[in-house]
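Reviewing the structure listed below.
The values are calculated or read from the model by the stated rules, or taken from the named source; none is laboratory data. In this text the structure is predicted, and so the values were computed from the model without any measurement. Ideal geometry is used to build each Cβ from the backbone, glycine not excepted, and the neighbour counts take in all protein chains shown.
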Amino acid sequence: MCGTCGCGTDGNGPTILKPGEHTHQAEHHHHHHDNHSHDHSHEHKHKVLEIEQDILQNNAVLAARNRGYFEAKNIFALNLVSSPGSGKTSILERTLTDLKDEIPFYVIEGDQQTLNDANRIDALDIPVIQINTGKGCHLESDMVYDAVKKLEIKNDAILMIENVGNLVCPSMFDLGESKRVVIISTTEGEDKPIKYPDMFHTSDICIINKIDLLPYVNIDVDKLKNYALQVNPKLLFFEVSATTGQGMEKWYKWLKENRINS
Ligand SMILES: Nc1nc2c(ncn2[C@@H]2O[C@H](COP(=O)(O)OP(=O)(O)OP(=O)(O)O)[C@@H](O)[C@H]2O)c(=O)[nH]1
Ligand SMILES: [Mg+2]
């Protein structure tokens, strides 16, 4: 749980908006356990632990419900996770542009604030819902549940869920996705998988983005992959540039092969 980053998503909950939809920015987030830095009593710690277990347990219950819904409708749901700016939305933009004539896509965008990413997807005429988590630093399964209801997803579609940019907390929250995709860009350094192992450990796919920048940055991609494999030997890698389109075909092939009866 986010005991160190101070993230909280209780209170009045996140705001879930379509592009163009408006709501007043509510002061809707307060801490799960705001006394944690002041009160170190045994009793308090015990309570915190119980609340954290409750949150994760509730999350798991609704994640299972999401997963059942996706399976019943043969929806291939991907949870895209990464640090901020690694290129999640850029990869989505190119993927949707290239494949939208073949495959029905739906998108859920997670950010603390703004409709920026939803507007980028909306510009491609893809149905999209933005979730603003306020102080929260990750999506939870109830937010996805609400967004999915608003999206009215057709059978056999692909649902792309772009999580909040954060290489730590989203790893703990199952959203009911079919596969988890971690994206890391060439500017982030090869040691991230061993520094932030949970995200790589819980993912199925690792997309290494911004390979067009390789001539300019100090990174050893083989080393990055080896670190990631130390954490998760089952990871499957794609090396791409969302900017130039390099490497995207292999990613598309995987998407097409895995979306039906996944
Ligand atoms: N050179 C290069 N730049 C890229 C590539 N992909 C994305 N970018 C740039 O990286 C920046 C961040 O890209 P986004 O797609 O917004 O990243 P994101 O992961 O969605 O960011 P958040 O949603 O804020 O976490 C933008 O300036 C992009 O143009 C790439 O393959 N090569
Ligand atoms: Mg984004």
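Go through region 132-148 residue by residue and tally those that are part of a helix (DSSP H, G or I) and closer than 20 Å to LYS88 by Cα. Working first, answer last.
From region 132-148, those part of a helix (DSSP H, G or I) are 141-148; that's our starting set.
Applying the additional criterion that residues be closer than 20 Å to LYS88 by Cα yields 141, 143-144, 147-148.
Number satisfying all stated conditions: 5.
A quick yes/no check of all residues on (1) part of a helix (DSSP H, G or I); (2) more than 16 Å from ligand 2 (Cβ to nearest atom); (3) over 14 Å from the mean Cα position of the chain (by Cα); (4) not basic (Lys, Arg):
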{"residue": "ILE108", "(1), (2), (3), (4)": "no, no, no, yes"}
{"residue": "ASP156", "(1), (2), (3), (4)": "no, yes, yes, yes"}
{"residue": "ILE184", "(1), (2), (3), (4)": "no, no, no, yes"}
{"residue": "SER203", "(1), (2), (3), (4)": "no, yes, no, yes"}
{"residue": "CYS206", "(1), (2), (3), (4)": "no, yes, no, yes"}
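Can you name the condition, by its number, that ASP98 falls short on among (1) in a loop (DSSP other than H, G, I, E, B); (2) of a type outside the set (Val, Ile, Thr); (3) surrounded by fewer than 17 Cβ atoms within 10 Å (Cβ to Cβ); (4) touching a helix residue (DSSP H, G or I) at 6+ places or on another chain (Cβ under 8 Å)?
(1)
Every residue, every condition in (1) over 18 Å from ILE91 (Cα atoms); (2) outside any loop (DSSP other than H, G, I, E, B); (3) at pLDDT 95 or above, yes or no:
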site: LYS150; (1), (2), (3): yes, yes, yes
site: MET160; (1), (2), (3): no, yes, yes
site: VAL164; (1), (2), (3): no, no, yes
site: GLY189; (1), (2), (3): yes, no, yes
site: PHE200; (1), (2), (3): yes, yes, yes
site: ASN218; (1), (2), (3): yes, no, yes
site: ASP222; (1), (2), (3): yes, yes, yes
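For region 211-238, how many residues are among the charged types (D, E, K, R) and over 10 Å from THR186 (Cα atoms)? So that I can check it myself, show each step before the final result.
The first filter runs over region 211-238 and keeps only residues among the charged types (D, E, K, R), leaving 212, 220, 222-223, 225, 234.
Next, from what is left, pick out any that are over 10 Å from THR186 (Cα atoms): 222-223, 225, 234.
The total comes to 4.
Return the residues of region 233-253 that are touching a strand residue (DSSP E or B) at 6+ places or on another chain (Cβ under 7 Å) and more than 10 Å from ligand 1 (Cβ to nearest atom); say none if nothing qualifies.
LEU235, LEU236, PHE237, PHE238, GLU239, LYS250, TRP251
Is there a residue being over 28 Å from GLU188 (Cβ atoms), in a loop (DSSP other than H, G, I, E, B) and free of Cβ contacts under 8 Å to residues at least 40 places away in the same chain anywhere in region 121-129?
yes
Checking LEU214 against (1) surrounded by fewer than 23 Cβ atoms within 10 Å (Cβ to Cβ); (2) under 19 Å from the mean Cα position of the chain (by Cα); (3) within 16 Å of ligand 1 (Cβ to nearest atom), which test does it fail?
Unmet for LEU214, out of (1) surrounded by fewer than 23 Cβ atoms within 10 Å (Cβ to Cβ); (2) under 19 Å from the mean Cα position of the chain (by Cα); (3) within 16 Å of ligand 1 (Cβ to nearest atom): (2).
Scan (1) more than 16 Å from ligand 2 (Cβ to nearest atom); (2) over 17 Å from ALA72 (Cβ atoms) for the single condition TYR145 breaks and write down its number.
Every condition holds for TYR145 apart from (2).
Read through the list (1) without any contact (Cβ under 8 Å) to a residue 40 or more places away in the chain; (2) more than 16 Å from ligand 1 (Cβ to nearest atom); (3) of a type in the set (Lys, Arg), then give the number of the only condition that LYS150 fails.
Going through the list (1) without any contact (Cβ under 8 Å) to a residue 40 or more places away in the chain; (2) more than 16 Å from ligand 1 (Cβ to nearest atom); (3) of a type in the set (Lys, Arg), LYS150 breaks only (1).
Which of (1) closer than 25 Å to MET199 by Cα; (2) crowded, with 19+ Cβ neighbours inside 10 Å is the odd one out, the single condition ALA157 does not satisfy?
Unmet for ALA157, out of (1) closer than 25 Å to MET199 by Cα; (2) crowded, with 19+ Cβ neighbours inside 10 Å: (1).
Does LYS179 satisfy the criteria of being surrounded by 19 or more Cβ atoms within 10 Å (Cβ to Cβ) and in contact (Cβ under 8 Å) with a residue 24 or more places away in the chain? Break it down into steps so the answer makes sense when it comes.
Numbers: surrounded by 19 or more Cβ atoms within 10 Å (Cβ to Cβ): no; in contact (Cβ under 8 Å) with a residue 24 or more places away in the chain: yes.
Against the criterion (surrounded by 19 or more Cβ atoms within 10 Å (Cβ to Cβ) and in contact (Cβ under 8 Å) with a residue 24 or more places away in the chain), LYS179 does not qualify.
Hey, can you tell me all the residues within region 70-111 that are touching a Leu at 6+ places or on another chain (Cβ under 6 Å), under 18 Å from LEU139 (Cα atoms) and either within 13 Å of ligand 1 (Cβ to nearest atom) or of a type in the set (Asp, Glu) (or both)?
SER83, LYS88, GLY110
Taking region 72-111 only, how many residues are closer than 20 Å to ASP174 by Cβ and free of Cβ contacts under 8 Å to residues at least 40 places away in the same chain?
1
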